[in-house]
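One structure is given below, encoded as structure tokens.
Nothing in this text is a laboratory measurement; each read-out follows from the coordinates by a stated rule. Small disclaimer: the values here were computed from a predicted structure and weren't measured. Virtual Cβ from ideal backbone geometry, glycine too; neighbours counted across all protein chains shown.
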Amino acid sequence: MDKLSPEALVTQLNWRYATKQFDPSRKIPADVWAALEKALVVTPSSFGLQPWKFIVVTDQAVKQRLVAASWNQSQPADCSHHVVFAARKTLGEAEIDRFLDSTVAVRGGSRDALAGYRGMMVGFSAKAAKEGWIHEWAVRQTYIAIGNFMTSCAVIGVDACPMEGIAANEYDKILGLEGGEFVTVVACAAGYRAESDKYAQLPKVRLAADEVIKRI
């Protein structure tokens, strides 16, 4: 298996930035997008429960409507693919059992062998629901997904811009999520930078490594 060299990884991560202006004439090729969707699918999550939904918006009319729900930032309209990261509102035994059924289907074995794991997950979800933080847990999982997505974009040479500056409730209305199992958390525009984006060439401003990394 070919591996990205350490130098190439750092180069690509320095190349990426939160793209302010996308070139609306450039679209992500189908094979490149397929790889990025796979990166979303294989994102790790707590227990492997994947408490999320990724809404990929390419319809130009819908993307344009999302601009007003994004504090009038132009990225949703100008990017190639606008990904909305939505989190589960609740998590119960039905979702856990569906995950375990998938586990058996993919890995073999029996549900009986997973009884202990099921009990642990059911206990976790019951406690989280009782204490009122099951959705917050799901929200945190979506940030793992968006981080994985942005890194994957950088490695493959696609520009991206994470967007927390959005009206989540309006996104839910536009995307038909209202009253469903998932709610909008954050979004990420993906595509290719415009030549006129002055931010593309600015050096990164980061704290020194010894200020953010402690080695023991």
- Message: Please go through segment 60-79 and give me each residue that is free of Cβ contacts under 8 Å to residues at least 24 places away in the same chain, surrounded by fewer than 20 Cβ atoms within 10 Å (Cβ to Cβ) and outside any loop (DSSP other than H, G, I, E, B), ordered by number.
- Response: GLN60, ALA61, GLN64, VAL67
- Query: Just for segment 80-93: of the residues that are surrounded by 20 or more Cβ atoms within 10 Å (Cβ to Cβ), more than 13 Å from the chain's Cα centre (by Cα) and not small (Gly, Ala, Ser), which one is farthest from LYS53 (Cα to Cα)?
  - Reply: LEU91
- Output for segment 43-59, where each listed residue is touching a residue at least 60 places away in the same chain (Cβ under 8 Å) and farther than 15 Å from GLU170 by Cβ: THR43, PRO44, SER45, SER46, PHE47, LEU49, GLN50, PRO51, TRP52, LYS53, PHE54
- Considering residues that are in a loop (DSSP other than H, G, I, E, B) and more than 22 Å from the chain's Cα centre (by Cα), the number found within segment 94-138 is 5
- Task: Scan segment 189-204 and report the pairs whose first residue is over 28 Å from GLU37 (Cα atoms) and whose second residue is hydroxyl-bearing (Ser, Thr, Tyr), with Cβ atoms within less than 9 Å and a gap of 6+ or a chain change.
- Result: LEU202/TYR17
- For segment 1-17, how many residues are outside any loop (DSSP other than H, G, I, E, B) and small (Gly, Ala, Ser)? 1
- Query: Take the residues of segment 157-199 that are over 19 Å from ASN72 (Cα atoms) and within 16 Å of the chain's Cα centre (by Cα): which is surrounded by the most Cβ atoms within 10 Å (Cβ to Cβ)?
  - Reply: ASP159
- In segment 18-55, what count of residues is obtained for those that are touching a strand residue (DSSP E or B) at 6+ places or on another chain (Cβ under 8 Å), β-branched (Val, Ile, Thr) and not in a loop (DSSP other than H, G, I, E, B)? 1
- Message: Of everything in segment 172-216, what is in a loop (DSSP other than H, G, I, E, B) and of a type in the set (Asp, Glu)? Give them in sequence order.
- Response: GLU178, GLU181, GLU195, ASP197
- Message: Need the failing condition index for LEU91 against (1) touching a Ser or Thr at 6+ places or on another chain (Cβ under 6 Å); (2) assigned to a helix (DSSP H, G or I); (3) of a type in the set (A, V, I, L, M), just the number.
- Response: (2)
